[in-house]
Amino acid sequence: MFHFNGFNIMFPEGPSFQASYKCFSVSMLPGNERSDVEKGGKIIMPPSALDRLTRLNVEYPMLFKLTNGKKSRSSHAGVLEFVADEGKCYLPYWMMDNLLLGEGDILKIESVSLPVATFSKFQPHSTDFLDITNPKAVLENALRNFACLTKGDVIAIKYNKKVYELCVLETKPGNAVSIIECDMNVEFEAPVGYKDHSETQASGSGQQGAAGTAGGEVSGATNAILEEVVETFKGSGVRLDGKKKKESQLETPVVKKVLARGVPDYDFQFGVIRFDRNIRPISDRGKEDGAAGNADGSDAESFHGTGFSMKTRK
């Protein structure tokens, strides 16, 4: 709609783009390997599609709705290039899984206009996603290769040579949104299979309590050998990287052993310090032993051989 000299003039929208192609995964694309296509949410279409799109009144950026009529599944994607063979289109493998498509199945593609995203919520499919130090920054970098998001889709992002799958739980303001040049708030749901540390600690506290009472009884019975059980830290702790603690790092009571410190002085008197002067120095012992040996007629030398130095003198 345009405003011209007080009159509102509306131009009718042209027909939308609709076509059906045989879809294949990116690994079937002729030429060199295209790993960049697998990292994002964009597809490759034939040049004839570009020719038709330029003749139609299509809104930019070009966004498309992908529909698998046999399985009644649909998703949305952008376009990366128009270099596919005629009658074929190439999709990332994770997108083919969402649409339940096989190699060579028929896929219907139509152009759509989507609202700009303001909010999205993701749920990782593995607890390994918690190993990432800054997951929001990693996701933001990965979403640069995406054009849109659809509620219910499972997207795949690659980080440190590992693929992480995330389910799109919620998108606003609609079930399908455009994420090109947008300010979007991102939230994460707990990963599938994740257990809160407080729950695991509550289940293990009962076992630790029983073990603590048993340890107290044993220490009382063997009071001459062991001291009482001492808990150095009664709180709970978690790792900064989110990983579970090893068995050696679990909170267990510390049992200290009483070590023998020699023979006590049973004649000790309070206020009196005694020094043992009966021990002879080593030098005196050597002289006395040598004199005793000469008196007995034996040779005092303990070594009769010759020695050599490994370092040659100049």
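When residues in the range 100-114 are screened for being surrounded by fewer than 20 Cβ atoms within 10 Å (Cβ to Cβ) and closer than 17 Å to V79 by Cα, 4 of them pass. M96 falls short on exactly one of the conditions (1) aliphatic (A, V, I, L, M); (2) open to solvent by less than 10 Å² (accessible area, probe 1.4 Å); (3) outside any loop (DSSP other than H, G, I, E, B); (4) over 17 Å from D153 (Cα atoms), and that condition is (4).
Can you tell me which residue in the range 29-52 is farthest from N145 (Cα to Cα), limited to those that are aliphatic (A, V, I, L, M) and touching a strand residue (DSSP E or B) at 6+ places or on another chain (Cβ under 7 Å)? Talk me through it step by step, then tell me what you get.
So the first thing to find is which residues in the range 29-52 are aliphatic (A, V, I, L, M), and the list is 29, 37, 43-45, 49-50.
Subsequent filtering for residues that are touching a strand residue (DSSP E or B) at 6+ places or on another chain (Cβ under 7 Å) retains 29, 37, 43-45, 49.
Details: L29: 19, V37: 8, I43: 11, I44: 13, M45: 17, A49: 21 Å.
Top of the filtered list is A49.
For E81, the stated conditions hold: it is under 17 Å from N145 (Cα atoms) and acidic (D, E). Quick check on my filter: what residues within the range 1-46 are at pLDDT 85 or above, out of contact with any helix residue (DSSP H, G or I) (no Cβ under 9 Å at 6 or more places or on another chain) and more than 10 Å from Y90 (Cα to Cα)? Result: Q18, S20. Just give me the residues in the range 151-176 being of a type outside the set (S, T, N, Q), open to solvent by less than 80 Å² (accessible area, probe 1.4 Å) and in contact with a Lys or Arg (Cβ under 9 Å, 6 or more places away or on another chain), in sequence order. A156, I157, Y164, V168, L169, E170, G174, A176 - these are the residues of the range 151-176 that are of a type outside the set (S, T, N, Q), open to solvent by less than 80 Å² (accessible area, probe 1.4 Å) and in contact with a Lys or Arg (Cβ under 9 Å, 6 or more places away or on another chain). Scan the range 117-140 residue by residue and report those that are surrounded by 15 or more Cβ atoms within 10 Å (Cβ to Cβ) and either in contact with a Cys (Cβ under 9 Å, 6 or more places away or on another chain) or part of a strand (DSSP E or B) (or both). Scanning the range 117-140 gives A117, S120, K121, F122, Q123, P124, H125.
Mind telling me which of the residues V83, V58 ends up being over 25 Å from G31 (Cα atoms) and either without any contact (Cβ under 8 Å) to a residue 12 or more places away in the chain or surrounded by 15 or more Cβ atoms within 10 Å (Cβ to Cβ) (or both)?
On the way: V83 fails: over 25 Å from G31 (Cα atoms).
None of the other options fit; the residue is V58.
Among the residues of the range 61-75, the one identified as of a type outside the set (K, R), in a strand (DSSP E or B), open to solvent by 30 Å² or more (accessible area, probe 1.4 Å) and closer than 25 Å to E181 by Cα is S74.
The values are calculated or read from the model by the stated rules, or taken from the named source; none is laboratory data. Everything numeric here is computed off the predicted structure, so don't read it as measured data. Heads up, the Cβs are rebuilt from the backbone with ideal geometry, glycines too, and the neighbour counts pull from every protein chain shown. SASA here: full protein model, heavy atoms, side chains in, ligands and nucleic acids out. Shrake-Rupley method; radii C 1.70, N 1.55, O 1.52, S 1.80 Å.
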